[in-house]
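Student: Pasting a structure here, questions to come.
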Amino acid sequence: MAEGNVWQYYNSSFEKKYCIYDNLDESEEPIIRPMDDMCNSEYVCITVVVRGALHLVIGGTDIWIKSNDFLLITPCVKVIVKESRCLFFSCYIKAHLMPEIYAHLGVKTCFYAFKFMHAHFSSEEIAILLDCYKRIKKEIERYDYPLKECSLSAYQTAFLAKLLSIKEKGQWIDHTKNTRYHAIFNQFLQKLHQNYKVERSVQYYADSIGVATKYLSSVIYSYTGFTASQTIDQYVALALKQALYLNACKIKEISTDFNFPNQSFFGRYFKRVTGMTPNEYVKYNNIQSICFYKDCNKEN
């Protein structure tokens with residue numbers, strides 16, 4: 001039996017918009033070694049356990065993802081991996097791509113983070129998802145070519161289409177906690193979603209909920225692994241990346257829409273949180289300027 005995570009398979013598209021991770025080549029359920037405080041701020045993660053069970057703590061909730069279980073984790077959720085034994089496969093999709101994918105599927109969805117969804121499906125339904133995953137894996141392993149990212153987008157869209165087609169058949173597992181911490185965190189998320197374009201101070205959200213800033217910060221850290229200020233910044237950054245990717249309006253207009261004092265302040269804020277300027281981000285991630293479009297234009 002294989003020991004540890006060294007046997008697991010990882011690969012990604014050349015622009016790292018899509019990543020995959022699995023240990024399906026093992027004949028038995030290998031040991032999954034513990035990993036603490038995995039705070040992902042970029043990807044929506046979809047994991048399916050084929051056999052065995054995966055033990056996780058997600059946003060402070062201790063759960064087991066068992067055979068034929070599906071798990072979706074949105075960005076900014078604190079994840080701790082406990083020692084487990086299982087066969088699994090995972091797809092990681094950059095969060096800013098999700099609205100476009102859902103639009104192709106005709107599904108209305110709003111921006112969200114700090115969430116996870118857990119469901120149990122039949123063996124037949126999991127087999128459908130596994131077949132889609134293998135197609136994604138095969139495409140990722142192909143040589144890089146100008147339209148590869150576009151092809152992967154189509155395969156990932158097909159994967160999500162299959163998932164959406166069977167989701168109503170699944171047994172959805174509720175991990176809601178009736179605790180004060182959970183209630184406060186949910187209030188914070190609701191207010192953040194309503195006001196993130198206008199209010200970005202911890203004090204505002206603490207006052208609106210009616211708790212001390214130190215207490216709110218403790219609650220938020222237990223769920224996200226970030227400080228309260230970092231959590232707000234991560235949420236705003238995700239929304240900004242989606243706006244910049246979709247190119248719905250110019251950078252100056254996005255700055256105004258998010259109530260930054262001026263475009264220069266917006267640029268400094270975005271670079272502090274993401275490590276790049278808005279112009280640098282758009283150059284490599286905007287829907288009209290991503291690499292495969294540029295490469296094709298060069299050829300033409």
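Student: Going by the structure shown, is TYR143 surrounded by fewer than 16 Cβ atoms within 10 Å (Cβ to Cβ), under 21 Å from VAL79 (Cβ atoms) and of a type outside the set (Lys, Arg)? Break it down stepwise before answering.
Tutor: Values: surrounded by fewer than 16 Cβ atoms within 10 Å (Cβ to Cβ): yes; under 21 Å from VAL79 (Cβ atoms): no; of a type outside the set (Lys, Arg): yes.
For TYR143, the condition - surrounded by fewer than 16 Cβ atoms within 10 Å (Cβ to Cβ), under 21 Å from VAL79 (Cβ atoms) and of a type outside the set (Lys, Arg) - is not met.
Student: Still on this structure: Consider LYS137 against the criteria (1) open to solvent by 70 Å² or more (accessible area, probe 1.4 Å); (2) touching a strand residue (DSSP E or B) at 6+ places or on another chain (Cβ under 6 Å): it satisfies all of them except one. Which criterion is unmet?
Tutor: Of (1) open to solvent by 70 Å² or more (accessible area, probe 1.4 Å); (2) touching a strand residue (DSSP E or B) at 6+ places or on another chain (Cβ under 6 Å), only one is false for LYS137: (1).
Student: Looking only at residues in segment 115-130 that are open to solvent by 20 Å² or more (accessible area, probe 1.4 Å) and in a loop (DSSP other than H, G, I, E, B), which one is modelled with the highest pLDDT? Explain how you work it out, then say what you get.
Tutor: Of all residues in segment 115-130, those open to solvent by 20 Å² or more (accessible area, probe 1.4 Å) come to 115-117, 120, 122-125, 127-128, 130.
Now narrow it down to the ones that are in a loop (DSSP other than H, G, I, E, B): 115, 122.
Numbers: LYS115: 86, SER122: 94.
Step by step, filter segment 115-130, then rank; the result is SER122.
Student: Report, ordered by the first and then the second residue, all pairs with beta carbons closer than 7 Å, sequence separation of six or more or different chains, a first member in segment 189-210 that is over 19 Å from PHE258 (Cβ atoms) and in contact (Cβ under 8 Å) with a residue 24 or more places away in the chain, and a second member that is open to solvent by less than 50 Å² (accessible area, probe 1.4 Å) and part of a helix (DSSP H, G or I).
Tutor: ILE209/ILE184; ILE209/PHE188; ILE209/LEU216
Student: Okay, next question. So which residues in segment 168-191 are outside any loop (DSSP other than H, G, I, E, B) and exposed (fewer than 15 other Cβ atoms within 10 Å of the Cβ)?
Tutor: Here is the first cut: in segment 168-191, the residues outside any loop (DSSP other than H, G, I, E, B) are 168-169, 171-172, 180-191.
Answer for segment 168-191, where residues must be outside any loop (DSSP other than H, G, I, E, B) and exposed (fewer than 15 other Cβ atoms within 10 Å of the Cβ): GLU168, LYS169, GLN171, TRP172, ARG180, ALA183, ASN186, GLN190.
Student: Determine which member of the set VAL79, VAL48 is surrounded by 16 or more Cβ atoms within 10 Å (Cβ to Cβ), farther than 26 Å from ALA239 by Cα and β-branched (Val, Ile, Thr). Full working, then the answer.
Tutor: Numbers: VAL79 fails: farther than 26 Å from ALA239 by Cα.
Within the list VAL79, VAL48, the selection yields VAL48.
Student: Only one residue in ALA95, ALA53 is hydrophobic (A, V, I, L, M, F, W, C), farther than 20 Å from GLN171 by Cα and open to solvent by less than 30 Å² (accessible area, probe 1.4 Å), so which one is that?
Tutor: On the way: ALA53 fails: farther than 20 Å from GLN171 by Cα.
So the residue among ALA95, ALA53 that is hydrophobic (A, V, I, L, M, F, W, C), farther than 20 Å from GLN171 by Cα and open to solvent by less than 30 Å² (accessible area, probe 1.4 Å) is ALA95.
Student: While we're on this one: May I ask you to list pairs of residues, at least six apart or on different chains, whose Cβ atoms are under 7 Å apart, with the first in segment 225-236 being within 17 Å of LYS191 (Cβ to Cβ) and touching a residue at least 12 places away in the same chain (Cβ under 8 Å) and the second being assigned to a helix (DSSP H, G or I) and among the small types (Gly, Ala, Ser)?
Tutor: From segment 225-236, the pairs are ALA228/SER217.
Student: Here's another thing I want to ask about it. Starting from segment 143-162, keep only residues that are closer than 17 Å to LYS94 by Cβ, then list their pairs with residues that are at pLDDT 90 or above and open to solvent by 60 Å² or more (accessible area, probe 1.4 Å) whose Cβ atoms are within a distance under 6 Å, requiring at least 6 positions of separation or different chains.
Tutor: Here the result reads TYR155/ARG135, each pair linking segment 143-162 to a residue that is at pLDDT 90 or above and open to solvent by 60 Å² or more (accessible area, probe 1.4 Å).
Every residue, every condition in (1) in contact (Cβ under 8 Å) with a residue 24 or more places away in the chain; (2) over 24 Å from LEU152 (Cα atoms); (3) among the hydrophobic types (A, V, I, L, M, F, W, C); (4) in contact with a strand residue (DSSP E or B) (Cβ under 6 Å, 6 or more places away or on another chain), yes or no:
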| residue | (1), (2), (3), (4) |
| --- | --- |
| TRP64 | no, yes, yes, yes |
| THR74 | yes, no, no, yes |
| GLU83 | yes, yes, no, no |
| TYR92 | yes, no, no, yes |
| ALA103 | no, no, yes, no |
| PHE114 | yes, yes, yes, no |
| ALA119 | yes, yes, yes, yes |
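Student: Within segment 62-76, does at least one residue satisfy the condition of being in a strand (DSSP E or B), open to solvent by 30 Å² or more (accessible area, probe 1.4 Å), on the phi < 0 side of the Ramachandran plot and of a type in the set (Phe, Trp, Tyr)?
Tutor: Taking segment 62-76 as the starting set, the residues that turn out to be in a strand (DSSP E or B) are 62-66, 69-73.
From the residues that got through so far, the ones that are open to solvent by 30 Å² or more (accessible area, probe 1.4 Å) too are 62, 64, 66.
The next check asks that each one be on the phi < 0 side of the Ramachandran plot; those that pass are 62, 64, 66.
Still in the list and also of a type in the set (Phe, Trp, Tyr): 64.
Among the residues of segment 62-76, at least one is in a strand (DSSP E or B), open to solvent by 30 Å² or more (accessible area, probe 1.4 Å), on the phi < 0 side of the Ramachandran plot and of a type in the set (Phe, Trp, Tyr), which makes the answer yes.
Student: Which count do you get for residues in segment 81-112 that are modelled with pLDDT of 90 or more, in a strand (DSSP E or B) and either touching a helix residue (DSSP H, G or I) at 6+ places or on another chain (Cβ under 8 Å) or of a type outside the set (Gly, Ala, Ser) (or both)?
Tutor: Here is the first cut: in segment 81-112, the residues modelled with pLDDT of 90 or more are 81-93.
With in a strand (DSSP E or B) added as a condition, the list becomes 81, 84-93.
Checking which are either touching a helix residue (DSSP H, G or I) at 6+ places or on another chain (Cβ under 8 Å) or of a type outside the set (Gly, Ala, Ser) (or both) leaves us with 81, 85-89, 91-93.
The number of residues fulfilling the criteria is 9.
Student: Looking at (1) in contact with a Cys (Cβ under 7 Å, 6 or more places away or on another chain); (2) at pLDDT 90 or above, which one does LYS78 not meet, given that it meets all the others?
Tutor: Result: LYS78 fails condition (2) only.
The values are calculated or read from the model by the stated rules, or taken from the named source; none is laboratory data. These figures come from a predicted structure and were not determined experimentally. Heads up, the Cβs are rebuilt from the backbone with ideal geometry, glycines too, and the neighbour counts pull from every protein chain shown. These accessible areas exclude ligands, DNA and RNA; they are computed on the full protein's heavy atoms, side chains included. Shrake-Rupley method; radii C 1.70, N 1.55, O 1.52, S 1.80 Å.
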